[in-house]
Amino acid sequence: MEAQPTVLIVEDDPAKARPTVLIVEGDPAAEARARRAITDTDIECDVLIARDGDKACELLFDGVNGAPTLVLLDLAVPKTNGFEVLARIRGCGATKRLPVVVISSSTRKSDLEKSLDLQANSFIQMGEDPEINETRLKLMLYYWIAVNQNVNT
């Protein structure tokens, strides 16, 4: 039986609502790194987890959760792949401006180009060094949550 993703309750009152980050990641170790980067920052945010593309689309388009503040999207997620999820996000009026950061270990230039062609806001390549990867994630979170102006906050 597939483990259910952890979903935190998101505040209903927009004045009290915290930013919400949707992590779309099929690899448990990479998911744990992303969670750790979030918890190690002083940014208070809620986290939604989708371990495959179908669950990501359900969370994004079911009308229950509302749009997150930021999506961290791996390209190699099971079921509906990251490119397809990104295309659906950009094809929907309610989510077309949603910041999406592709987080991938891919070194293929074609993956970067396709992500940008599908209007990913950023592409972060994860390398071999876990400390550098965590620093990259933290810097990205600070920018997209604390600095950037977002219509979903």
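Points to keep in mind about this one:
- Condition met for GLY53 (within 19 Å of THR20 (Cβ to Cβ) and of a type in the set (Gly, Ala, Ser)): yes
- Residue that is surrounded by the most Cβ atoms within 10 Å (Cβ to Cβ), among those in segment 42-55 that are of a type in the set (A, V, I, L, M) and in contact with a Leu (Cβ under 7 Å, 6 or more places away or on another chain): ALA50
- Subset of segment 31-41 that is buried (at least 16 other Cβ atoms within 10 Å of the Cβ) and either under 12 Å from the mean Cα position of the chain (by Cα) or among the charged types (D, E, K, R) (or both) - its residue that is nearest to ILE145 (Cα to Cα): ILE38
- A residue that is at pLDDT below 95, outside any strand (DSSP E or B) and of a type in the set (Val, Ile, Thr) can be found somewhere in segment 82-100.
- Enumeration of residues in segment 141-153 that are more than 22 Å from GLY91 (Cβ to Cβ), outside any loop (DSSP other than H, G, I, E, B) and in contact (Cβ under 8 Å) with a residue 60 or more places away in the chain: LEU141, TYR142, ILE145, ALA146
- Residue among VAL77, VAL71 that alone is buried (at least 22 other Cβ atoms within 10 Å of the Cβ) and either part of a loop (DSSP other than H, G, I, E, B) or over 14 Å from the mean Cα position of the chain (by Cα) (or both): VAL77
- Pairs where the first residue, in segment 58-78, is over 15 Å from CYS45 (Cα atoms) and the second is among the hydroxyl-bearing types (Ser, Thr, Tyr) and modelled with pLDDT of 95 or more, C-beta under 9 Å, 6+ apart: LEU73/SER115; LEU75/SER115
- Filtering ASP74, ASP42, ASP62 for residues that are among the acidic types (Asp, Glu) and more than 17 Å from VAL21 (Cβ to Cβ) leaves a single hit, ASP62.
- Filter result for VAL47 (under 12 Å from GLY66 (Cα atoms), modelled with pLDDT of 90 or more and either aromatic (Phe, Trp, Tyr) or touching a strand residue (DSSP E or B) at 6+ places or on another chain (Cβ under 8 Å) (or both)): no
- Selection from segment 101-117 of residues that are under 19 Å from VAL24 (Cα atoms) and in a helix (DSSP H, G or I): ASP111, LEU112, LYS114, SER115, LEU116
- Whichever residue in segment 118-137 is in a helix (DSSP H, G or I) and within 18 Å of the chain's Cα centre (by Cα) and, among such residues, is surrounded by the most Cβ atoms within 10 Å (Cβ to Cβ): LEU137
- Scanning segment 36-57 for residues that are part of a loop (DSSP other than H, G, I, E, B) and in contact (Cβ under 8 Å) with a residue 60 or more places away in the chain turns up ASP40, THR41, ILE43, CYS45.
The values are calculated or read from the model by the stated rules, or taken from the named source; none is laboratory data. Not measured: the values here are computed from a predicted model. We place every Cβ from the backbone using ideal geometry, glycine too, and count neighbours over all the protein chains shown.
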